[in-house]
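Report on one structure; see the data block that follows.
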Amino acid sequence: MSKMKTAKHPFRFPFKTNYGRFSEDGRSYIITRPDTPRPWVNVISTGPYGAVISQTGSGYSWLHHASLNRLTRWDQDMIRDEAGRYLYIRDEQSGRFWSASWQPTKTSYEFYECVHGVGYSIITMQKDGIRSEWMIFVPEGEPLEVWRVRIRNVSKKTRKLSLWSYMEWNLGEAPDWHREFHKLFIETSFHDADKVILAKKRLSPLKNEKGEHWNKTWEYTAWHAVNLPVTAACGDKQAFLGNYGSKSSPAALQKGAYVGPTTHRWDDGIASLQVPVTLKPGEERTSLWTLGAATSEKVALNLAKKYQNFSHVEKAWHQTEILWDKLLGSPVVETPDAAFNVMTNVWLKYQAMSARFFGRTAYYQTGGAYGFRDQLQDSQVFLPVRPDLTLRQIRLHCAHQFASGRVFHWWHPLSEEGAPSRYSDDLLWLPFVVLNYLKETVNYSALLEKVPYHPGPENIRLTEPIYRHCVRAIDNVLNRFSERGLPLIGTGDWNDGLSATGRDEKGESVWMGHFLYGVLMDWSRLMESLMSQGVISKSEDHRRKRYLQRAARLKKTINRLAWDGRWYSRATCDDGTVLGSRQCRDGKIFLNAQTWALMNGIVDSPQRKRSILSSLQKHLYGPHGSLLLYPAYRTPDSRIGYLTRYAPGTRENGGIYMHAAVWAIQMECAISRPQWAWELYRRLCPVYRGMDPERYVCEPYVTPGNVDGPDSPTPGRGGWTWYTGSAAWLFRISTEWMMGIRPDWDGLRIRPCIPKEWNGFRTVRRFRGAEYRIRVLRDKTLRGDRQEILFDGKKIVGDLLPSTPGKQHDVVVLIPES
């Protein structure tokens, strides 16, 4: 039995570039120069409030919804990145000024550092002997952000300074494309005694109680406050920037005073506070600033006052740290690969939770809505640590399902307006996620919880248990089949870009057949267990048998109609055109049609399996991950949809679409090819890709939504970071498939699929009230795929761990030498 070789600290590793590095504990990324190839941001949210800040200091803030209820204005411009809320520093003796972040003045500096951490960002800058440290965090459960600003005089003379904040009010729907219209409804006021600027808006983007647009007051009062005495305040953009002025050189900073009237009504509304600070040599001064929005002026003023107190801020920060410690606390992994450790322990979970789940926004997609399939899948990231949050999300999505079984493709919180889905797969993710929730918890009573359906345009009022919601979704899919016996694709399946493929309800989805087959088999197994325990009536057995019959028939039909000789085709258009065929000029082979066929047991012969794997390696496994399809569509095809209109080699049109690329890793684990699984992981892992920042361009600590493929002029370039479902999926695949610690109906199953470079790993996994301390070690006496498990020192048969709530167990898994 060999000992596992690991680093002394599970996070310590040498990954460093000209732009930055990870901290030693892996919980922050330290950017050492502001001119990164693209904005490198942090999305800070625990719901309902959130803030995004880039390494330049730019970004935006919101409450509940980043597009319908944006507090501050921001422009999506990845090249300039010069919109946000800023803080300026002015030397009152020399008249020189600069910003506390690189933007918007882009001044030279003596020192610059931006730390993006779990739940906070800190920008530290030194200029002209003045060192500033600007920290932003969002207190748990509060509708605000806190700025803790430290100014230190590192020069040898007394310095008379002033601090100036600046932000432009948005207060509602963003972007407010018709600013000359929207500004006429914004009213600001300054409360000198409270050191607070308030902002209100007489117009909301939401309908009023009569269903009328543009006839409702914005329901909040926004504020910006500081805890130090204020020299002056400004609510007018022109008074700060000056006529034809700029944020890089505002007239107010040039003059040392706001220029012209600082009226607070109906002008181009901003918030700016001027605060005097005098520092002796070596002296440091800390100020507290807040930005937020509340349901009334009274609540806003109370919150502003509360967070002008250092003890309240320290307590809030401590509570926020505790929250993130708990959310990221399980599982904790220690493997020989430091990049795998830091992504699995910290950044994949943080990205999925903060950006995709709580915030639902990021720089590349400001979003704010709930996607039916999107946030359901994302909620699975909570299963090992807070499965109650997954169940809460299941309930929410059940409430946005119609009695027919169909669902919204997306809907907006606040307005509750949405788009009824004609996508074939949306509704099926409900039973899929419920199955995974139950494998984690065996909380079968959750299936009996009653949730109302959305009444929909037919105004059908009906409430049923979650079990019935899932069954209605499955039955609806089973009723939408083509005459040939394949699922209809509608206006797309998982791939939204196949938007025209089945608009006339004739086009078919082969991938949907793979997906449905897996759900039918798993749901039938669940039904058998539920009937044996009396959770559902035995009369449901006819449905179970029907599901199994339909699954068997579907598998045969796919293998008869969709096998193209070397791989499975992807879909058919309304006119019968086959997509993903060797006969196609473009889009000959699609990734998902192969990976899901292997994962879900559709492939019916060893020869076909070998052919698929050979084809994947030849056509789709590229140097930066698995391509979604190959070759890219060179010309738009109106029969297929907007996928073909992307530039060749980008996003779904021949790029590495990360959501699908990580499924390829799961597939390789499912068929026990650990070296290929590891190779695909390394090719797309942000930490490794980030070692070539000029090519990769995006953040090395979160997954991108896409990476350019070989048909792009910039292969390997990443984009669409943070707001991607790949983070939650890569976390699950890393822990459940590569490490092989997978919840199953009867307990926790362990079947590691690790590369030969690893001689083991350690992890702690909480499961059904027990804690499992797991060590995986190589044993040279074992051969083939044989493994042995010692459970609390005793050898057990099989790969299933006994489940004993309230206990702590030591587990040793012995696997063959590589």
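For the range 164-222, what are the residues that are of a type in the set (A, V, I, L, M), under 30 Å from Trp98 (Cα atoms) and surrounded by fewer than 19 Cβ atoms within 10 Å (Cβ to Cβ)? Answer for the range 164-222, where residues must be of a type in the set (A, V, I, L, M), under 30 Å from Trp98 (Cα atoms) and surrounded by fewer than 19 Cβ atoms within 10 Å (Cβ to Cβ): just Ala193.
Selection over the range 352-370 of residues that are in contact with a Phe, Trp or Tyr (Cβ under 6 Å, 6 or more places away or on another chain) and open to solvent by less than 10 Å² (accessible area, probe 1.4 Å) gives a count of 2. Only one of the numbered conditions (1) crowded, with 23+ Cβ neighbours inside 10 Å; (2) without any contact (Cβ under 8 Å) to a residue 24 or more places away in the chain is not met by Asp541, and that is (1).
Going through Thr735, Thr724 one at a time, which residue ends up being open to solvent by less than 40 Å² (accessible area, probe 1.4 Å) and not in a loop (DSSP other than H, G, I, E, B)?
None of the others qualify; the one that does is Thr735.
Taken together, the residues in the range 251-298 that are part of a strand (DSSP E or B), under 20 Å from Phe97 (Cα atoms) and open to solvent by 30 Å² or more (accessible area, probe 1.4 Å) amount to 5.
Taking residues in the range 404-429 that are within 11 Å of Ala369 (Cβ to Cβ), and partners anywhere that are basic (Lys, Arg), the pairs with Cβ atoms closer than 9 Å and at least 6 places apart or on different chains are His409/Arg373; His409/Arg422; Pro413/Arg360; Ser415/Lys207; Glu417/Lys207. Listed here are the strands (runs of 3 or more DSSP E) enclosed by the range 77-168 that have at least 3 residues being under 25 Å from Tyr19 (Cα atoms): 86-91, 111-117, 120-127, 130-137, 144-153. Within the range 595-611, does at least one residue satisfy the condition of being within 25 Å of Val662 (Cα to Cα), open to solvent by 50 Å² or more (accessible area, probe 1.4 Å) and hydroxyl-bearing (Ser, Thr, Tyr)? No. When each of Arg775, Arg749, Arg765 is tested for being open to solvent by 50 Å² or more (accessible area, probe 1.4 Å), assigned to a strand (DSSP E or B), closer than 24 Å to Tyr437 by Cβ and not hydrophobic (A, V, I, L, M, F, W, C), the lone residue that passes is Arg749.
Among the residues of this structure, Thr572 counts as one that is more than 30 Å from Glu528 (Cα to Cα), touching a Gly at 6+ places or on another chain (Cβ under 6 Å) and of a type in the set (Val, Ile, Thr). Which residue is nearest to the chain's Cα centre (by Cα), if the candidates are limited to the range 479-523 and must be open to solvent by 10 Å² or more (accessible area, probe 1.4 Å) and among the hydrophobic types (A, V, I, L, M, F, W, C)? Selected residue: Trp494.
Under the condition of being open to solvent by 50 Å² or more (accessible area, probe 1.4 Å), in a helix (DSSP H, G or I) and not aliphatic (A, V, I, L, M), the residues counted in the range 436-470 number 2. Every condition in (1) over 23 Å from the mean Cα position of the chain (by Cα); (2) within 28 Å of Asn42 (Cα to Cα); (3) buried (at least 17 other Cβ atoms within 10 Å of the Cβ); (4) not hydrophobic (A, V, I, L, M, F, W, C) holds for Arg159 except the one numbered (2).
Conditions: (1) open to solvent by 20 Å² or more (accessible area, probe 1.4 Å); (2) within 18 Å of Glu145 (Cα to Cα). Asp325 meets all but one. Number of the miss? Here Asp325 clears every test but (2).
Can you find, within the range 169-203, the residue that is nearest to Tyr307 (Cα to Cα) among those that are part of a strand (DSSP E or B) and of a type in the set (A, V, I, L, M)? Among those residues, the one meeting the criterion is Val196.
Restricting Leu348, Leu383 to those that are touching a residue at least 24 places away in the same chain (Cβ under 8 Å), of a type in the set (A, V, I, L, M, F, W, C), in contact with a strand residue (DSSP E or B) (Cβ under 9 Å, 6 or more places away or on another chain) and surrounded by 21 or more Cβ atoms within 10 Å (Cβ to Cβ) reduces the list to Leu383. The number of residues in the range 410-435 that are crowded, with 20+ Cβ neighbours inside 10 Å and part of a helix (DSSP H, G or I) comes to 9. When Gln393, Gln319 are screened for being more than 30 Å from Gly690 (Cβ to Cβ), out of contact with any helix residue (DSSP H, G or I) (no Cβ under 9 Å at 6 or more places or on another chain) and either part of a helix (DSSP H, G or I) or open to solvent by 40 Å² or more (accessible area, probe 1.4 Å) (or both), only Gln319 passes. Which residue is surrounded by the fewest Cβ atoms within 10 Å (Cβ to Cβ), if the candidates are limited to the range 110-153 and must be within 24 Å of the chain's Cα centre (by Cα) and among the acidic types (Asp, Glu)? Among residues in the range 110-153 that are within 24 Å of the chain's Cα centre (by Cα) and among the acidic types (Asp, Glu), the one surrounded by the fewest Cβ atoms within 10 Å (Cβ to Cβ) is Glu140.
The values are calculated or read from the model by the stated rules, or taken from the named source; none is laboratory data. Keep in mind it's a predicted model, so treat the numbers as computed, not measured. Cβ atoms come from the backbone with ideal geometry, glycine included; neighbour counts cover every protein chain shown. For the accessible areas, the whole protein counts, side chains as well, though only heavy atoms, and no ligand, DNA or RNA atoms are used. Shrake-Rupley method; radii C 1.70, N 1.55, O 1.52, S 1.80 Å.
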